[in-house]
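Participant: The structure that follows is given in the form of structure tokens.
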Amino acid sequence: MYSLKKGMAMELYIALLIIFPFLAAIVQAFVKNNTVRKISVYISSAAIITATIIFAVLNFGKEQSFIPTDFMLGGFDIIGTVNYGMLIVEFILMGIITYLSFKYKKYYAALLSIVQTCFVAWLELSGNAHAVNEYLFCDNLTLILCLMIAVVGGLICVYAVGYLKDYHHHHGAEVKDRRSFFCAMLFVFLGAMFGIVFSANLIWMYFFWEITSVVSFLLIGYTKTKEAVDNSFRALWMNLLGGVGFAIAIGYAALKLHIFNLADLVASKDPVIVIPLICLALAALTKSAQLPFSRWLMGAMVAPTPSSALLHSATMVKAGIYLLIRIAPAMTGNLVGLTVALIGGFTFFVASIRAIIHTDGKKVLAYSTISNLGLIVACCGVGIDETIWAAIFLMMFHCVSKSLLFQTVGSVEHTTGSRNIEDMHGLIKRYPALAIAMTIGIAGMYLAPFGMLISKWSALQAFVDAGNIILVLLLAFGSATTLFYWTKWISKLLAYARPTIRRKDTTSLDQWISIGGHTVMMVALCLVFPFLSNSLVNPIVNSLYGIDNFKPVLSDENLFILVLMIIILALVIVAGFVITRLVKTKQTSVYMSGIDTGDERHYVGAFDEERTMYHANWYLSDMIGTDRLMNVATAIAAAGLIIGAVLTIGGVL
Amino acid sequence: MLVYRIISAVIYLILGGIVAGLLAGIDRKLSARLQGRRGPSVLQPFYDVAKLFSKETLALNHGQFVIAFSFLLLIVFTGVLFFAGVDILLVFLALSTAAMFLVFAATSSNSAMSTMGAQREMMQMLAYEPMVLITAVGFYMSTQIMNGGEGSFKIIDIATGDLPSIVYLPGIFLGFLFILTIKFRKSPFDISTSHHAHQELVKGVTTDLSGRNLGMIEIAHWYENTFLLGVVALFFLSNDWWSIPLAVGAAALVYFIETIIDNVSARVKWELMVKLAWGVTIVCGGLNLLVLEYIF
């Protein structure tokens, strides 16, 4: 337990970390001048990143600690006031949702919101919810999440400044310029995420959880087109459904078990905790866009790219994962765990198949997010120490590389006017820097010495140890499809096609700061991987499982070989480029069975006319391109979830 | 033990290419005899590769050399890891990374034939990849049974069990043989590139590689084939001495059968290949794993 020796320093620092992004958001909301916005975003992001890094360094490696937050200030009950403040904000959020629901005639969203808000408000006001004095919480897992949120999220805010300028330049009058609102929402998101990871108390967590639901809804609806509005409401109702699950979990835990803290819930030996657990799992599955709730994340693509980058990497979907990692020890070997694991594994496989058919870069990224999150969810569902180790690493690597990929796709779109993967043919010749950053991002998602694959590998090993053959099979097939859609994307980028038109790379400095930062982080993460494992992740697993000798499934020998592999690859590529400069090689042109016209772009057709050559990737749309696949998969997942929930609840009542 | 592992890795490094080169020569001889021809000398593959290196290299771009060289090096690295007896999953993951470089070698050329070949190569990877992972899992579970609980992915542990793994993995062995035809680029699955002169895509993935670059790819394929036969042999190895001749014999027999299949079957479409490969993986591999988990 954390002692109060340091006075209130720690909780004040945490409070500041949570509150500061909200203050930054208020500033953004009122900034109308572009230069001022740019400067203020830079300052706010830098402050958030610096403060978080300092906080992480100061508290690095400390024991899991609750932070008693019952302090009074001169007889003034701060916590009580904060609780009332939160309640008021919750009602304001409910008001916003209700207003917008009626405005756009989507009444179900209002219903979901009113039900859960009133229920939680009743819990609080009736005095059933706040019997503890531990509201804040901090351990290594919190620190990792904080670093992800601050560094990746902060850089995305910087990226957004440059991106939005281009965006409104491109979209002109179609989309109303609401940049102040957009930037403000990004910062609110960061603040809410800090809130989720620092909250020990379920109601506090729920409060921030609801904020992320509402903010993502507002971000998705940014352009206010019909499509955007429809998609934003889909995201809203799904996440609110998860919120209802969260509220029921809180209510059940508080009324029946007198548990108010997440950690106490997980530690409880009472068999009926599976009921709040399945409700929390439902909330996490909706937030992490698992089947049957995947469609909201696809719809979220209509929003400007920075918000996609934020939703997919550091925030939103990771909130669900965070919650699952926290409750994983309680899911080990029970029906809740099995349901979650199978839904995750199934989502991993189905989403990776769906990613094959899309030519739109952002859609492929979205399906890959759903798919990778599925793997992480499966790891959490299995809930043994080895899988949690893998889950934490998957989460970290996914966060950085997905954020990098969204940003590069966004910049490529603005530079070339298209985010279609087919149009990225030969990007390495046209925009080498963007192509290299994108290639590193993709390699980070699936190639051998990079982290994602290492984590996937240990997940496979852990699934075998847990004796879950179905998950092993899903992982084996899903890996093959994952390999396919990423390889064909990289091979498009690396085609040495002589560019026909060469536009100027319009990627602004703001965007480059973020893309460059992410690229460096991606490579650095792979290099310091063994260090991270020993000093940061192993202790987390130890403390989550109350053991003190956790060893990751990957032996030192394997880690050594992996580092060797990175070095060999780097050496080969460098040496190769040196050698090609030294060795004489005659340049030739592409072989086209003797019918080329000489410029590598045209050939003589059967009727003796000149035709343009075009290389297309395979998308297998005639095989798997139908919507039926996704509908059937959604139905199966929904059925699985319902059966799992019914059996779980029926089993203990 | 470490000494043996290093020796075996060094032997592979020296002989790996030569063995598969000879096997390729035997393959050609055998095929010729099956077709009523005399066929070239058994050493013909070596002459061919030597000639490739003596020719002037025509390249489309500087990248081709780098990628072809990376492919060769990664394949050799994979094989060395395998014969040094490390984690088999690591070996298979290194193999798929290596395979990726062949795809990049083809697509970086920006040529129609190569690009089509590369798409088909990716299709082949899609077809065989699940079975490869399941094979590794199968080995792990067989060591689990033999050691009474504690499983191991380490090749050295798999190769020194009380019984040859094939005893527990008959289904997985069959599944692996099936995808071996794809990996060996033998008919009916020589879809991305072929040893025979009747490919509709000229030479598929290697169309736009020539001279030195093509020579490196060819040598890489030899090393890859020796490694793959090594995996076949692994199914038969145990801590008894007689398992070694058994394993070598089995690998030779498998190669012989592959040659026969190559000669008696016609190339199929990729759709059928994927369906067949996945079907076999589910039936043979999946069932075998379920049996191991729930019966043993």
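Participant: Run A:Lys584 past the list (1) more than 7 Å from every other protein chain (Cβ to nearest Cβ); (2) surrounded by 12 or more Cβ atoms within 10 Å (Cβ to Cβ); (3) outside any helix (DSSP H, G or I); (4) not small (Gly, Ala, Ser) and report the number of the one that doesn't hold.
Facilitator: Condition (2) is where A:Lys584 drops out.
Participant: Please go through the range A:243-298 and give me each residue that is outside any helix (DSSP H, G or I) and within 18 Å of the chain's Cα centre (by Cα), ordered by number. Explain how you work it out, then say what you get.
Facilitator: The first filter runs over the range A:243-298 and keeps only residues outside any helix (DSSP H, G or I), leaving A:258-261, A:268-270, A:288-294.
Those that are outside any helix (DSSP H, G or I) and within 18 Å of the chain's Cα centre (by Cα): A:Ser288, A:Ala289, A:Gln290, A:Leu291, A:Pro292, A:Phe293, A:Ser294.
Participant: For the range B:196-237, enumerate the residues that are without any contact (Cβ under 8 Å) to a residue 12 or more places away in the chain and open to solvent by 20 Å² or more (accessible area, probe 1.4 Å).
Facilitator: B:His196, B:Ala197, B:His198, B:Glu200, listed by residue number.
Participant: Against the definition (at the interface with chain B (Cβ under 9 Å from one of its Cβ atoms) and under 22 Å from the mean Cα position of the chain (by Cα)), how does A:Leu474 come out, yes or no?
Facilitator: Judged against the criteria, A:Leu474 is not a match.
Participant: Could you please find all residues in the range A:440-486 being β-branched (Val, Ile, Thr) and touching a residue at least 40 places away in the same chain (Cβ under 8 Å)?
Facilitator: Across the range A:440-486, the qualifying residues are A:Ile440, A:Ile442, A:Ile454, A:Ile470, A:Thr481, A:Thr482.
Participant: Here is a list: B:Leu72, B:Leu133. Which entry is of a type in the set (A, V, I, L, M), in contact (Cβ under 8 Å) with a residue 40 or more places away in the chain, more than 9 Å from every other protein chain (Cβ to nearest Cβ) and assigned to a helix (DSSP H, G or I)?
Facilitator: Sole residue among the options that is of a type in the set (A, V, I, L, M), in contact (Cβ under 8 Å) with a residue 40 or more places away in the chain, more than 9 Å from every other protein chain (Cβ to nearest Cβ) and assigned to a helix (DSSP H, G or I): B:Leu72.
Participant: Sticking with this one: Which condition breaks for A:Tyr603 when tested against (1) open to solvent by less than 50 Å² (accessible area, probe 1.4 Å); (2) free of Cβ contacts under 8 Å to residues at least 12 places away in the same chain?
Facilitator: Status for A:Tyr603: all satisfied but (1).
Participant: For B:Thr97, indicate whether it is closer than 22 Å to B:Ala9 by Cα, at the interface with chain A (Cβ under 7 Å from one of its Cβ atoms) and of a type in the set (S, T, N, Q).
Facilitator: Here the answer is yes, as B:Thr97 does meet what is asked.
Participant: Additional query: Considering only the range B:145-160, how many residues are out of contact with any helix residue (DSSP H, G or I) (no Cβ under 9 Å at 6 or more places or on another chain) and either away from chain A (no Cβ under 14 Å) or not in a loop (DSSP other than H, G, I, E, B) (or both)? Quick ask: steps written out before the conclusion?
Facilitator: Taking the range B:145-160 as the starting set, the residues that turn out to be out of contact with any helix residue (DSSP H, G or I) (no Cβ under 9 Å at 6 or more places or on another chain) are B:148-149, B:160.
Next, only the ones that are either away from chain A (no Cβ under 14 Å) or not in a loop (DSSP other than H, G, I, E, B) (or both) stay: B:148, B:160.
Result for the range B:145-160: 2.
Residue-wise test of (1) surrounded by fewer than 24 Cβ atoms within 10 Å (Cβ to Cβ); (2) closer than 20 Å to A:Ile49 by Cβ.
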| position | (1), (2) |
| --- | --- |
| A:Asp139 | yes, no |
| A:Leu143 | yes, yes |
| A:Val151 | yes, yes |
| A:Asp166 | yes, no |
| A:His170 | yes, no |
| A:Val175 | yes, no |
| A:Ala192 | no, yes |
| A:Gly221 | yes, no |
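Participant: Condition first: over 29 Å from B:Asn263 (Cβ atoms) and open to solvent by less than 50 Å² (accessible area, probe 1.4 Å). Now tell me which residues in the range B:2-43 satisfy that.
Facilitator: Going through the range B:2-43, the residues over 29 Å from B:Asn263 (Cβ atoms) turn out to be B:2-11, B:13-14.
Of everything in the range B:2-43, those that are over 29 Å from B:Asn263 (Cβ atoms) and open to solvent by less than 50 Å² (accessible area, probe 1.4 Å) turn out to be B:Arg5, B:Ser8, B:Ala9.
Participant: Within the bounds of the range A:496-506, is there any residue that is surrounded by fewer than 24 Cβ atoms within 10 Å (Cβ to Cβ), facing chain B (nearest Cβ under 7 Å) and under 26 Å from B:Phe101 (Cα atoms)?
Facilitator: Yes, because at least one residue in the range A:496-506 is surrounded by fewer than 24 Cβ atoms within 10 Å (Cβ to Cβ), facing chain B (nearest Cβ under 7 Å) and under 26 Å from B:Phe101 (Cα atoms).
Participant: Quick check on B:Leu163: is it in contact (Cβ under 8 Å) with a residue 60 or more places away in the chain and open to solvent by less than 20 Å² (accessible area, probe 1.4 Å)?
Facilitator: The answer is no for B:Leu163.
Participant: Output the residue which, of all residues in the range A:548-575 that are part of a loop (DSSP other than H, G, I, E, B) and open to solvent by 60 Å² or more (accessible area, probe 1.4 Å), is nearest to the other protein chains (Cβ to nearest Cβ). Working first, answer last.
Facilitator: Taking the range A:548-575 first, the residues part of a loop (DSSP other than H, G, I, E, B) are A:548-555.
Add one more test, that the residue is open to solvent by 60 Å² or more (accessible area, probe 1.4 Å), and what stays is A:548-549, A:551.
On the way: A:Asp548: 21, A:Asn549: 16, A:Lys551: 13 Å.
The selected residue is A:Lys551.
Participant: Here's a follow-up. How about the range B:257-275: which of its residues are open to solvent by 70 Å² or more (accessible area, probe 1.4 Å) and either in a helix (DSSP H, G or I) or among the acidic types (Asp, Glu) (or both)?
Facilitator: Once the filter is applied, which keeps residues that are open to solvent by 70 Å² or more (accessible area, probe 1.4 Å) and either in a helix (DSSP H, G or I) or among the acidic types (Asp, Glu) (or both), the range B:257-275 yields B:Ile257, B:Val264, B:Leu272, B:Lys275.
Each row is one residue, and each column tells you yes or no for (1) under 19 Å from the mean Cα position of the chain (by Cα); (2) small (Gly, Ala, Ser); (3) modelled with pLDDT of 90 or more; (4) under 24 Å from A:Tyr163 (Cα atoms).
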site: A:Phe187; (1), (2), (3), (4): yes, no, yes, yes
site: A:Gly191; (1), (2), (3), (4): yes, yes, yes, yes
site: A:Gly195; (1), (2), (3), (4): yes, yes, yes, no
site: A:Ile203; (1), (2), (3), (4): no, no, no, no
site: A:Trp209; (1), (2), (3), (4): yes, no, yes, no
site: A:Val214; (1), (2), (3), (4): yes, no, yes, yes
site: A:Leu219; (1), (2), (3), (4): yes, no, yes, yes
site: A:Ser232; (1), (2), (3), (4): yes, yes, yes, yes
site: A:Leu236; (1), (2), (3), (4): yes, no, yes, no
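Participant: Right, something else. For B:Leu163, which of the numbered conditions (1) out of contact with any Ser or Thr (no Cβ under 7 Å at 6 or more places or on another chain); (2) of a type outside the set (Ser, Thr, Tyr); (3) more than 20 Å from A:Ala480 (Cα to Cα); (4) more than 12 Å from chain A (Cβ to nearest Cβ) fails to hold?
Facilitator: Checking B:Leu163 against (1) out of contact with any Ser or Thr (no Cβ under 7 Å at 6 or more places or on another chain); (2) of a type outside the set (Ser, Thr, Tyr); (3) more than 20 Å from A:Ala480 (Cα to Cα); (4) more than 12 Å from chain A (Cβ to nearest Cβ), the one that fails is (1).
Participant: Got at least one residue in the range B:54-71 being in contact with a strand residue (DSSP E or B) (Cβ under 7 Å, 6 or more places away or on another chain), within 30 Å of A:Leu427 (Cα to Cα) and open to solvent by 30 Å² or more (accessible area, probe 1.4 Å)?
Facilitator: Yes, the conditions are met somewhere in the range B:54-71.
Participant: Further question on the same structure: Out of the residues in the range B:110-127 meeting the condition of being out of contact with any Leu (no Cβ under 8 Å at 6 or more places or on another chain) and open to solvent by 10 Å² or more (accessible area, probe 1.4 Å), tell me which one is farthest from A:Tyr619 (Cα to Cα).
Facilitator: Ranking the qualifying residues of the range B:110-127, first place goes to B:Ala112.
Participant: Here is a follow-up. Can you confirm whether A:Val652 is within 14 Å of chain B (Cβ to nearest Cβ), open to solvent by less than 80 Å² (accessible area, probe 1.4 Å) and at negative phi?
Facilitator: For A:Val652, the condition - within 14 Å of chain B (Cβ to nearest Cβ), open to solvent by less than 80 Å² (accessible area, probe 1.4 Å) and at negative phi - is not met.
Participant: Among the listed residues A:Ala249, A:Ala309, A:Ala300, A:Ala267, which satisfies the condition of being surrounded by 19 or more Cβ atoms within 10 Å (Cβ to Cβ), over 23 Å from A:Tyr167 (Cα atoms) and of a type outside the set (Asp, Glu)?
Facilitator: That would be A:Ala249, the only listed residue that is surrounded by 19 or more Cβ atoms within 10 Å (Cβ to Cβ), over 23 Å from A:Tyr167 (Cα atoms) and of a type outside the set (Asp, Glu).
Residue-wise test of (1) touching a residue at least 40 places away in the same chain (Cβ under 8 Å); (2) of a type in the set (Gly, Ala, Ser); (3) facing chain A (nearest Cβ under 7 Å).
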{"site": "B:Leu58", "(1), (2), (3)": "yes, no, yes"}
{"site": "B:Ile67", "(1), (2), (3)": "yes, no, no"}
{"site": "B:Gly79", "(1), (2), (3)": "yes, yes, no"}
{"site": "B:Ser108", "(1), (2), (3)": "yes, yes, yes"}
{"site": "B:Met116", "(1), (2), (3)": "yes, no, no"}
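Participant: For the list (1) buried (at least 24 other Cβ atoms within 10 Å of the Cβ); (2) within 11 Å of chain A (Cβ to nearest Cβ); (3) touching a residue at least 60 places away in the same chain (Cβ under 8 Å), I need the number of the one condition that B:Ser142 fails.
Facilitator: Looking at each condition in turn, B:Ser142 falls short on (2).
Participant: Determine the pairs where a residue that is without any contact (Cβ under 8 Å) to a residue 40 or more places away in the chain, located within the range A:288-314, has a partner that is part of a loop (DSSP other than H, G, I, E, B) with Cβ atoms under 8 Å apart, the partner being 6 or more residues away or on another chain.
Facilitator: So the pair list comes out empty.
Participant: Within the range A:601-613, identify whether any single residue is farther than 30 Å from A:Lys269 by Cβ and in contact with a His (Cβ under 6 Å, 6 or more places away or on another chain), and answer yes or no. Talk me through it step by step, then tell me what you get.
Facilitator: Applying the first criterion (farther than 30 Å from A:Lys269 by Cβ) to the range A:601-613 yields A:601-613.
Now narrow it down to the ones that are in contact with a His (Cβ under 6 Å, 6 or more places away or on another chain): A:610, A:612.
Checked the range A:601-613: at least one residue is farther than 30 Å from A:Lys269 by Cβ and in contact with a His (Cβ under 6 Å, 6 or more places away or on another chain).
Participant: On the given criteria, is B:Asn288 open to solvent by less than 60 Å² (accessible area, probe 1.4 Å) and within 14 Å of chain A (Cβ to nearest Cβ)?
Facilitator: Considered against the rule, which asks whether it is open to solvent by less than 60 Å² (accessible area, probe 1.4 Å) and within 14 Å of chain A (Cβ to nearest Cβ), B:Asn288 comes out as yes.
The values are calculated or read from the model by the stated rules, or taken from the named source; none is laboratory data. Just so we're clear, the structure is a prediction, and the values are computed from it rather than from any experiment. Backbone-built Cβ (ideal geometry, glycine too); neighbour counts: all protein chains shown. Heavy atoms of the whole protein, side chains included, go into the accessibility calculation; ligands, DNA and RNA do not. Shrake-Rupley method; radii C 1.70, N 1.55, O 1.52, S 1.80 Å.
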